[in-house]
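Structure first, commentary second.
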Amino acid sequence: MIAPHLVFTEPLGFLITKIKLAAFGAAFLSFPVVATEIYKFVAPGLYKQEQRAFLPYLIATPILFLLGAGVVFFLGMPAVMYYSLSMQQVGVDGEPTIELLAKVDSYLSLLMTLIFAFGICFQTPVILTILARVGFIDAAFLKRQRRYAIVIIFCIAAVLAPPDAFSMLALALPTLLLYEGSIIAVSMIEKKAEQARAEASD
């Protein structure tokens, strides 16, 4: 990952940043365990068929969150830093020197914010397929509402992402692809449900 020269301007600034980073890492790593415990608490009240239907989402949720974090770490953040460093003005005769000296807390806060935002938005397939399973939506509805979904996705990206157009686009575009993938997943769920009903009626 491309990283600038980082500085901290307060005596305990780096220590506080390490504590924040440790808390974020603990929440990130413990999420699968917490989700499993929640499932174990809820599972006794579910039918076996409902348990089997819920289990794939328990597995998919951390995987999609990790996928979103990977996109940030390997693609999003290097692109953001490359763009930021390209705006420097160093060694230009007759013009002032403008150099990026990023604070370590600002840099890591940006990284954690992007990971959280991408991780949440990458849950789009899980949320939409759950809604499809309970009958709230179907593939035809998702196709009809595509234009509204695009607007909503960009609004959510504008809120979750840092306040720059590049980060917003970097978050919105993968989410749009996930929305299209959700339409395919919901169509597959509907086909399986139709096949199950057909077999039950025979």
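Membrane-span-like helices in the chain: DSSP H runs reaching 18 Å or more (Cα, own axis), mean Kyte hydropathy at least -0.5? Span-like helices here: 13-42, 48-71, 104-121, 146-160, 165-201. Shape annotation for the range 87-192: C-alpha extents along the principal axes are 67, 25, 19 Å, from largest to smallest. Each Lys and Arg contributes +1 and each Asp and Glu -1, all at the Cβ; summed about the Cα centre of the range 6-201, the dipole is approximately 900 debye. Modelled spin labels at residue 136 and residue 197, positioned 7 Å past Cα toward Cβ, are 2.1 nm from each other.
The Kirkwood radius of the range 6-201, taken over pairs of alpha-carbon atoms, gives through the Stokes-Einstein law at 37 °C and 0.692 mPa s a diffusion coefficient of 167 µm² s⁻¹.
Remark: spin-label model distance residue 7-residue 82 equals 2.7 nm, labels positioned 7 Å along the Cα→Cβ axis. Its residues counted as N, the range 154-199 yields a C-alpha radius of gyration over 2.2 N^0.38 Å of 1.75.
Against the empirical 2.2 N^0.38 Å (N residues), the range 60-133 has a Cα radius of gyration ratio of 1.58.
No value in this document is a laboratory result; all are computed from the given coordinates. Small disclaimer: the values here were computed from a predicted structure and weren't measured. Cβ sites come from the backbone with ideal geometry, for glycine too, and all protein chains shown count toward neighbours.
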